[in-house]
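Peer 1: Let me begin by handing over the structure; questions about it come next.
The values are calculated or read from the model by the stated rules, or taken from the named source; none is laboratory data. Values in this document were obtained by computation on a predicted structure and should not be read as measured data. Reconstructed Cβ throughout: ideal geometry from the backbone, glycine too, with neighbour counts over all protein chains shown. Each accessible area value is taken on the protein alone, full model and side chains, heavy atoms only, with ligands, DNA and RNA left out. Shrake-Rupley method; radii C 1.70, N 1.55, O 1.52, S 1.80 Å.
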Amino acid sequence: MEMNILFLGYGKMGSTLGEAWLAQGIASQITAVDPQADNNEFQATVVKQAVPVTESTFDLIVVAVKPALVGQVLSCLPAQTGADTCIVSLAAGVTTQRLQTALAIPAPVVRAMPNTAVQVLAGCTGLYTSQPLSEKQHDMITTLFDSVGRAYWLEKERELDAVTAISGSGPAYYHLFSEALADSALALGLPPGIATDLAKYTALGAAKLQCLPDSDLAALRRNVTSPNGTTHAAIETFEQAGVLRQLVAAATSAAYRRSIELGQPDRQ
Ligand SMILES: NC(=O)c1ccc[n+]([C@@H]2O[C@H](COP(=O)([O-])OP(=O)(O)OC[C@H]3O[C@@H](n4cnc5c(N)ncnc54)[C@H](OP(=O)(O)O)[C@@H]3O)[C@@H](O)[C@H]2O)c1
């Protein structure tokens with residue numbers, strides 16, 4: 001698949017995706033409009049203001065500006081949107097209805113919620129559209145987001161708020177747990193460099209085990225928890241009155257509620 005893609009906004013998330021798609025040869029050409037981005041830093045052709053006029057049309061237009069600027073960039077879309085052009089918006093909380101209202105052309109709109117792990121090609125992206133896509137458009141978008149991790153199509157728009165609360169914000173939860181583990185390692189007398197490395201590489205090792213085919217999360221935990229052993233002592237503490245699970249449920253509910261709130265334009 002060789003795609004011609006336009007990015008509106010080429011900041012952290014936009015450039016991570018665009019450069020990964022170019023590096024993997026999935027996109028043959030990327031043009032990015034961004035007043036900040038530096039052309040020398042990127043493989044994409046970066047322009048500061050208007051989209052350069054060429055003969056070709058874009059297969060995809062990726063909206064990668066902050067949510068508050070989405071209406072503005074969509075209302076001045078270039079003429080090079082062909083009959084098959086599809087719009088993908090990364091903007092957190094901006095609903096498909098709001099995107100369609102802001103759009104002057106009748107192109108289908110897809111919302112995508114990736115996470116920061118797309119930087120290391122291990123991202124999770126939730127995808128949603130309320131409009132029928134052609135098989136080619138559906139495959140194109142799936143291929144793009146699978147190339148930077150895993151893509152999941154959702155049936156209901158509200159599920160994107162849940163994706164935001166779980167995988168969108170999720171890397172930060174694991175970073176926090178690693179920080180706490182590194183602090184504990186220090187408190188137990190390990191040297192600082194080793195303490196941090198043990199926390200990081202334990203997270204990496206556990207993630208790799210969790211992602212083996214047919215792995216079962218509870219079975220993985222039970223396999224390293226022999227009765228009255230060291231792991232058992234720690235797990236008993238985490239599971240005492242369901243304390244850890246309750247904390248995770250409360251934290252993710254707070255993120256979910258905040259995602260819904262941010263989706264209401266007057267609450268941003
Ligand atoms: N980062 C993430 O992990 C993540 C995850 C999921 C979704 N998202 C979504 O992705 C979008 C981008 O986030 P980000 O973290 O990549 O933000 P960012 O780094 O601030 O990137 C946005 C870029 O767009 C530029 N821009 C502003 N006005 C523009 C215009 N009129 N035309 C073209 N470009 C313009 C910005 O320039 P200025 O600095 O001058 O404004 C900035 O360089 C957001 O809507 C966010 O909700 C991000």
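Peer 1: In vacuo Debye scattering of the range 168-218, one point per C-alpha: log10 I(q)/I(0) at q = 0.14, 0.24, 0.25, 0.30 Å⁻¹?
Peer 2: Taking Cα atoms of the range 168-218 as identical point scatterers yields -0.42, -0.89, -0.92, -1.06.
Peer 1: Let me ask something additional. Keeping all protein chains in place, calculate the accessible area per residue for the range 170-262 (probe 1.4 angstrom), answer in Å².
Peer 2: 75
Peer 1: Determine, for the chain, the count of lysine pairs separated by eight or more sequence positions (or lying on different chains) whose alpha-carbon distance falls under 25 Å.
Peer 2: 7
Peer 1: On a 0 to 90° scale, report how tilted helix 170-187 is relative to the longest principal axis of the chain, with both axes built from alpha carbons and the result rounded to the nearest 10.
Peer 2: 30
Peer 1: Here's a follow-up. Picking from SER215, LEU247, THR196, whose Cα lies most toward the positive end of the charge dipole for the chain (charges on Cβ: Lys, Arg +1; Asp, Glu -1)?
Peer 2: Of SER215, LEU247, THR196, it is LEU247.
Peer 1: Nearest 20 debye, what's the magnitude of the dipole of the range 137-198 about its Cα centre given +1 on Lys and Arg Cβ and -1 on Asp and Glu Cβ?
Peer 2: 60
Peer 1: Relative contact order for the range 159-222 using alpha-carbon pairs under 8 Å, separation at least 6, rounded to a whole percent?
Peer 2: So the answer I get is 23 percent.
Peer 1: Now a separate question. Mind checking the dipole of the range 162-268: about its Cα centre, +1 per Lys or Arg Cβ, -1 per Asp or Glu Cβ, Debye to the nearest 20?
Peer 2: For this selection, approximately 140 debye.
Peer 1: Still on this structure, please answer the following. Considering only DSSP beta bridges where both residues belong to the chain, give the percentage that are antiparallel (nearest 5).
Peer 2: If I count the DSSP bridges inside the chain, around 15 percent turn out antiparallel.
Peer 1: Mind checking the angle between helix 192-210 and the chain's longest principal axis? C-alpha axes, 0 to 90 degrees, to the nearest 10.
Peer 2: Helix 192-210 sits at roughly 70 degrees to that axis.
Peer 1: Give me the tail of P(r) for the range 60-150 as a percent: Cα-Cα pairs with distance above 19 Å.
Peer 2: Of all Cα-Cα pairs in the range 60-150, 38 percent lie more than 19 Å apart.
Peer 1: List the residues, sorted by chain then number, that are 5 or more residues from VAL62 or on another chain and whose placed amide H is less than 5 Å from its amide H.
Peer 2: LEU6, PHE7, LEU8, VAL88
Peer 1: Additional query: Could you tell me, in Å, what Rg and Dmax come out for the Cα atoms of the range 13-170?
Peer 2: Expressed in Å, the Cα Rg and Dmax of the range 13-170 come to 14.7, 42.
Peer 1: A further question follows. Against the longest alpha carbon principal axis of the chain, how many degrees, from 0 to 90 and to the nearest 10, is the axis of helix 12-23 turned?
Peer 2: The two axes meet at around 80 degrees.
Peer 1: Can you give the calculated 222 nm mean residue ellipticity of the chain, where each DSSP H run of n ≥ 4 adds -39,500 (n - 2.57) and the sum is split over every residue, rounded to the nearest 500 deg cm²/dmol?
Peer 2: Calculated at 222 nm, the ellipticity per residue is -13500 deg cm²/dmol.
Peer 1: Then there is this: If I take the Cα coordinates of the range 170-262 and project them onto the principal axes, what are the three extents in Å, biggest first?
Peer 2: 43, 31, 31
Peer 1: Also, I was wondering about something else. Can you compute the equivalent ellipsoid semi-axes for the chain, i.e. the square root of 5 times each eigenvalue of the Cα gyration tensor, sorted largest first and rounded to whole Å?
Peer 2: After scaling each eigenvalue by five and taking roots: 40, 20, 17 Å.
Peer 1: In whole percent, how big is the carbon plus sulfur part of the accessible area of the range 56-168, probe 1.4 Å, protein atoms only?
Peer 2: Percent of accessible area from carbon and sulfur atoms in the range 56-168: 56.
Peer 1: OK, next. So if I place +1 on the C-beta of Lys and Arg and -1 on the C-beta of Asp and Glu, and nothing else carries charge, what would the dipole magnitude of the chain be about its Cα centre? I want it in debye, nearest 20.
Peer 2: 560
Peer 1: Here is a further query. Normalising by the residue count of the chain, find the relative contact order in percent from Cα pairs under 8 Å and 6+ residues apart.
Peer 2: Answer for the chain is 13 percent.
Peer 1: For the range 3-157, build the charge dipole from Cβ charges (+1 Lys, Arg; -1 Asp, Glu) around the Cα centre, then report which of PHE42, ALA92, GLY25 sits farthest towards its positive end.
Peer 2: Comparing the listed Cα positions along the dipole, ALA92 ranks first.
Peer 1: Would you please name the trypsin sites (Lys or Arg not before Pro) within the range 124-204 that are DSSP coil residues with at most 11 other C-beta atoms within 10 Å of their C-beta?
Peer 2: LYS156
Peer 1: Which percent of the accessible area of the range 170-262 is formed by carbon and sulfur heavy atoms (probe 1.4 angstrom)?
Peer 2: Carbon and sulfur: 66 percent of the exposed surface of the range 170-262.
Peer 1: Now, a different point. Using a probe radius of 1.4 Å on heavy atoms only, what accessible surface per residue do you get for the range 2-148? Whole Å² is fine.
Peer 2: 45
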